[in-house]
Amino acid sequence: MTATSALISVDPSAADPRDSGSPARRRSAFASLVMRAPVYLALLAASVLAMLPFAWMVIASTHKTSDLFVTPLPVLPGAELWANLARLQESVNFSQVMLNSLAIAVIYTVFSSIVSIMAGYGLATYRFRGRGVLLAVVLVTMMIPMQVLLVPLFQMMASAGWIDSYQAVILPFLANAFGIFLMRQGFLDFPVTLIEAARIDGAGELRTFYRIVLPIARPQIAALVIYTFISQWNSFIWPLLMLNTEDKYTVPVALNTMIGMSRVDYSGLMLGSLLATLPLMLLFLVFQRQFVAGLLGGAVKG
């Protein structure tokens, strides 16, 4: 038995004050909780305020449109959910436009992610003349408003005969400047020694990229995939210009057609918006850890 343990066994007051069961430890934890209480209350209030629009969307989607303009407003779900769903399906063929949006978003996410990953990897790991200028050009494109590009892009799609086609929706924006910059930032901290070791062992560039680089960069890739999917799923202006056939509409375009000149089906709009939001929420809830890790990993690198 050591002298310290003997002292503790004889005099309990000599025990380590860092012990989780000691009064000093409990007082310190309570004081820390009291100090942090305003922060927790502020975060709770902000969370409640952020959830109010979504809660109202759920409530409104289960009522008639006329019920949404009474005083006081309904605060509990109603009994019109299935009637609103049937009317939504009849008015815009909602199941078809959901499939259209899903197909476009998945195809765009796959190919845009490939372009962003490879371009970001090249800008981060290869040393060549003009690399800084090329990166500056990529960043400058992020500052160009979308509205400036609409007319020339529309003329290009019309010249190619791609109006009212999915390739016109997908192809013009495959090279995403934000995605390239995000992956470039993520690859800046990649251990170059692993790449050099793979080259010494005789691995080619593609094999090194797919077998060594991609597995380590999974958090950044997950963040890129989530961001790309959400941005394409919510895209409205460009699909509205390109798609003319109702059976080819995406969800935002189809919901826009429910806004008439004299009457607006607010219950149907709320239900359609709710159903369109659920896939995004599910995607983020499943991959939120990778999403946050990928964004933070690319935010602290030079």
- State whether one or more residues within the stretch 115-132 are among the hydrophobic types (A, V, I, L, M, F, W, C), in a loop (DSSP other than H, G, I, E, B) and surrounded by 13 or more Cβ atoms within 10 Å (Cβ to Cβ). no
- Query: Only one residue in 252, 279 is within 18 Å of the chain's Cα centre (by Cα) and over 30 Å from residue 158 (Cβ atoms), so which one is that?
  - Reply: 279
- Query: Can you tell me how many residues in the stretch 253-272 are touching a residue at least 24 places away in the same chain (Cβ under 8 Å) and crowded, with 17+ Cβ neighbours inside 10 Å?
  - Reply: 11
- Could you give me the residue pairs with C-beta distances under 6 Å whose first residue belongs to the stretch 124-137 and is outside the structural domain of residue 180 (by TED's automatic domain parsing), whose second residue is surrounded by 10 or more Cβ atoms within 10 Å (Cβ to Cβ) wherever it lies, and which are 6+ apart or on separate chains? none
- (1) at pLDDT below 90; (2) in a helix (DSSP H, G or I); (3) crowded, with 16+ Cβ neighbours inside 10 Å: which one isn't true of residue 172, the others all being true? (1)
- Query: Taking the stated definitions as given, is residue 90 touching a His at 6+ places or on another chain (Cβ under 6 Å), under 30 Å from residue 239 (Cβ atoms) and not hydrophobic (A, V, I, L, M, F, W, C)?
  - Reply: no
- Query: Can residue 250 be described as surrounded by 20 or more Cβ atoms within 10 Å (Cβ to Cβ) and at pLDDT 80 or above?
  - Reply: yes
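The values are calculated or read from the model by the stated rules, or taken from the named source; none is laboratory data. This is a predicted model, so every value here is computed, not measured. In this analysis, Cβ positions are derived from the backbone assuming ideal geometry, glycine residues included, and neighbour counts consider all displayed protein chains.
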